[in-house]
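The values are calculated or read from the model by the stated rules, or taken from the named source; none is laboratory data. All values derive from a computational prediction rather than experimental measurement. With ideal geometry, Cβ positions are generated from the backbone for all residues, glycine too; neighbour counts draw on all protein chains shown. For accessibility, only protein heavy atoms count, side chains too; no ligands or nucleic acids. Shrake-Rupley method; radii C 1.70, N 1.55, O 1.52, S 1.80 Å.
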Amino acid sequence: MSKFSKTFFLLLFPCWIYAQKVTVSGYVKDAKNAETLIGATVFVKELKTGVSTNNYGFYSLTLPKGNYELIFSSVGYQKVTKTISVSETNVTFNLEMKDEGTELNEVVVTSKREDENVKSVEMSVNKIDMKTIKKIPALLGEVDLVRAIQLLPGVTTVGEGATGFNVRGGSVDQNLVLLDDAPVYNSSHLLGFFSVFNPDAVKDVKLYKGGIPSQFGGRASSILDVRMKEGNAKKLEINGGIGLIFSRLSIEAPIIKDKASFIVAARRSYADVLARPFLKESQKDNLFNFYDLTAKVNYNINQKNTVFLSGYFGRDVFGQKFAFNWGNSTLSARWNHVFSDKLFMNTTAFYSNYDYLIDTDAQNKNPNDAFKWSSNIVNKSIKPDFTYYFSPNNTLTFGGQILTYSFKPGAASVTSGTDKSNLGQPDKNGVEYSAYVGNELKISDKFSVQYGLRYSKYDYSSKDEVYYQRKTVPVSNENPNGIDLVAVPNTKDATLQSYQNFEPRLSMKLQLGEQSSIKSSFNRMSQYIHLMSNTAAATPLDVWTSSTNNIKPQIADQVTLGYFKNFGETGNDFEASVEVYYKKLQNQIDYADNANLFLNATFEKDLLFGNGRAYGAEFFLKKNKGKLTGWVSYTLGRTERQVEGLNQGEWYVSRFDRTHTLNLVTQYELNKKWSFGANFSYVSGVPYTLPEQKILYAGGYLPITPQGTRGNIRVPAYHRLDISATHKNKKALFGKGESEWVFGLYNVYNRRNPFSVYAQTNPDNPLKTEAIQLSIIGSVIPSVTYNFKF
């Protein structure tokens, strides 16, 4: 068989029966706490090939008979070399790795491997370990996972005081945020200033911006995959921190040593408690805080079966008589099963709920004059995933998912005296079915490929007695966009509209040498749910809604090309990359002028649809070794939309467009006691449309936005410098464990970064319109945090 024929056969039939008959498999864990290690490398020295552990620390290698040196390595841990004898029977070999600060006995220890960015087929993927995230200066000293990923290339901040983030020109709702596989719809506390992820409970963070594997779907731009700790299976461990406005505490311990463990982590802000002595008597009952609870338990039944149960509950609370609160709740149950040394399965069932509530009479003191508004989105899902390890060079993944959606876009009741009226949008249901298959294949020492196909189908139904169909009508003052809705009788819970999509995925890597490679990828993503927001910055009150007979699913096709290079004295002291991308988007949503999205049963007539495109280049340079470490990233990008009825049908920059994004992150270890950190961010301002004309109408002046002037000005650029200093102590509370003091300055040079810009009529000249900038933070914010561990 020729080399070309063999390559073609392998691509079409990955279940090629190899000559290798014996399998070595097992789990790789942390020696201190028995946490499984994700992405640890198991390398076969004699064959110059290897595999990485999956999300549950499992690996599998099929090898010919003989003796081999297996080299285990993971970032932050000492490399371990073990000699394995492979004979007639399969071998189970589990390993516990020690961190770099601890000496190992009876094994060979060498430096860690740091070339995965060059040798892995993955591209447009960023993984930040929690040790690095904890060293980044943060607002009020609180470690923030979401703010940390905003320092990566291709990722931009929505703005201070706003939730979410943007990836390669995508909107906030185009990012799927997962916590132990369960979706989190609002990833921020306190209107965007802190993330919902407790740093003491997080084990692994991975962001997919492109080249997304076939097992992921449901969003158009990115996947943020956050994995929780399992809990210390060796001994009791307590972590915590005391800050200026909130504190946190986590407890983890074995239930059965080395077999079962748990972790419970909680946070609570207390700004309202500290402010109470300074408030008027009538204001002392007011609440403004957030809290969350994260918990997980796992049980290793035997070598082949492990079960997990994890959950998150968090809430932001404002007001007392006038209540405003919102929050996420998730619950995930997972079962790992090893069918054989080659076949691994994980089945996940999860529940997720995001809701918010506004109640003007929360204490029920004036029920005859009240307004109540609630909204939520609920998910339930079952998701089996399988991995089959044909050989070290050939891994097959396949699985499926059934995901249900229950939408309550907005329901309100208004009470005035004896009159009570209800308004809002009809509840909706959706079911998303998906199946996928993927294969990662190393065809030669230089060329590897990862390809796959995902199929998704979505069924939409309504709980209301009618549903609405868009129709074209003559343009008038009542219908300036020429669109109206017609009510059609509905059979409750009957499928009104179905959509289906095939989503191909492909990633390729060409190895140029030991320290450099070229990679390219293509992926198609389908998104069946949408966030209704006509503001540049998302808020907790934005409405999630389903694809319907009027709203088609968003489709994104992205191609990327990148060059990756490591260099330095040891070959991996520095890592550098350049990636260019082009993203084509279909069925993008924009909004008519003065669109009414909230509590409007016919809001779909105010929606406009069109196409989008995003393209740019990302530059990344990282220093991995030495006392001074860190990275610099720069992104040059453009994001545009073309929507019928807007801007004369011409392309215009979208409200997520950021031309320049520059981030500099540095960390310096002075000695064993003192370390310092600094980060600087610069982001171009987003486009904004300012009315250029006014007309006299009914005795007043109405602003007019002429066609062709969409995005006619830009908000001022966002830039900020943060610094921190950390002092480590040998002892913590009660003379045990360890502790540290973290001192920080956020927004060092008092920059008043814009949260939003809005138009306002000049009171002295009604014909003149002024642009008013609103800033949330306008001064330096100092912080002191005491962290402890024992």
Determine the alpha carbon to alpha carbon distance for each of Lys29/Lys257; Lys229/Lys257; Lys209/Lys552; Lys32/Lys135; Lys32/Lys206; Lys45/Lys442 and list only those over 19 Å. Lys209/Lys552; Lys32/Lys135; Lys32/Lys206
Pick out, from Gly169, Phe93, Thr157, the residue whose Cα sits farthest towards the positive end of the charge dipole of the chain, with +1 on the Cβ of Lys and Arg and -1 on the Cβ of Asp and Glu. Phe93
Sorted by mean Cβ packing within 10 Å, highest first, what order do the peptides 86-93, 34-41 take? 34-41, 86-93
In region 152-193, carbon and sulfur make up what percent of the accessible area (probe 1.4 Å)? 60 percent
Given Leu512, His719, Ser456, which one lies farthest toward the positive end of the charge dipole of the chain, if we put +1 on the Cβ of every Lys and Arg and -1 on the Cβ of every Asp and Glu? Leu512
With a Förster radius of 41 Å, plug the Cβ-Cβ distance of Val264 and Val488 into 1/(1 + (r/R0)^6) and report the FRET value to the nearest 0.05. 0.20
First select every other residue whose beta carbon is under 13 angstrom from the beta carbon of Asp459; then total the charges, Lys and Arg +1, Asp and Glu -1. 0
Just how large is the dipole of the chain about the Cα centre, in debye to the nearest 20, putting +1 at every Lys and Arg Cβ and -1 at every Asp and Glu Cβ? 1680 debye
J(HN,Hα) series, region 251-258, from Karplus relation 6.51 cos²θ - 1.76 cosθ + 1.60, nearest Hz, glycine and proline x: 10, 9, 6, x, 8, 10, 3, 6
Amide H contacts under 5 Å for Ser462, placed H, 5+ residues apart: Asn429, Asp493, Ala494, Leu496
What is the percent carbon and sulfur in the accessible area of region 493-545, measuring with a 1.4 Å probe over the protein chains and ignoring ligands? 57 percent
Computed [θ] at 222 nm, helices only, for the chain once each DSSP H run of length n ≥ 4 contributes -39500 (n - 2.57): -1000 deg cm²/dmol
Cα centre as origin, Lys/Arg/Asp/Glu Cβ charges: region 122-260 dipole, Debye: 320 debye
How large is log10 of I(q)/I(0) for region 335-476 at q = 0.11, 0.12, 0.22 Å⁻¹ when the intensity is taken from the Debye formula with one equal scatterer per alpha-carbon? -0.70, -0.76, -1.26
Dipole of the chain, positive end: most advanced residue of His530, Tyr389, Tyr185 [Cβ charges, Cα centre]: Tyr389
The answer for the net charge of residues other than His337 whose Cβ lies under 12 angstrom from its Cβ, with Lys and Arg +1 and Asp and Glu -1, is +1
When ligands, DNA and RNA are left out and all protein chains stay put, how many square angstrom of accessible area per residue does region 735-790 have with a 1.4 Å probe? 56 Å²
If the reach is capped at under 28 angstrom between alpha carbons, list the lysines near Lys372, excluding any in the same chain fewer than eight residues apart. Lys280, Lys284, Lys321, Lys380, Lys408, Lys420, Lys428, Lys463, Lys492, Lys605
For region 494-511, Karplus couplings with θ = phi - 60° (6.51, -1.76, 1.60), whole Hz, Gly/Pro x: 7, 5, 8, 7, 10, 10, 9, 8, 9, 10, x, 9, 8, 9, 9, 9, 10, 7
Sorted by packing (mean other beta-carbon atoms within 10 Å per residue), highest first, where do 72-85, 222-235 land? 222-235, 72-85
So what's region 597-688 giving for Rg/Rh, alpha carbon basis, Kirkwood Rh from the mean inverse pair distance? 1.24
Report ³J(HN,Hα) in whole Hz for each residue of region 643-649, in order, from the Karplus equation J = 6.51 cos²θ - 1.76 cosθ + 1.60 where θ = phi - 60°; Gly and Pro get x. 10, 5, x, 10, 6, 6, x
What net charge do the residues around Asn376 carry, taking every other residue with its C-beta under 11 Å from that of Asn376, with Lys and Arg at +1 and Asp and Glu at -1? -1
Amide H contacts of Tyr467 (H built 1.01 Å from N, under 5 Å, at least 5 apart or other chain): Val488, Asn490
Quick check: the angle from helix 3-12's long axis to the longest principal axis of the chain, C-alpha only, nearest 10 degrees? 50 degrees
Any residue on another chain or 5+ positions along whose placed amide H is under 5 Å from the amide H of Asp361 is listed here as Ala323, Phe371
Using the heavy atoms of the protein chains alone and a 1.4 angstrom probe, what is the accessible area of region 396-460 per residue in square angstrom? 42 Å²
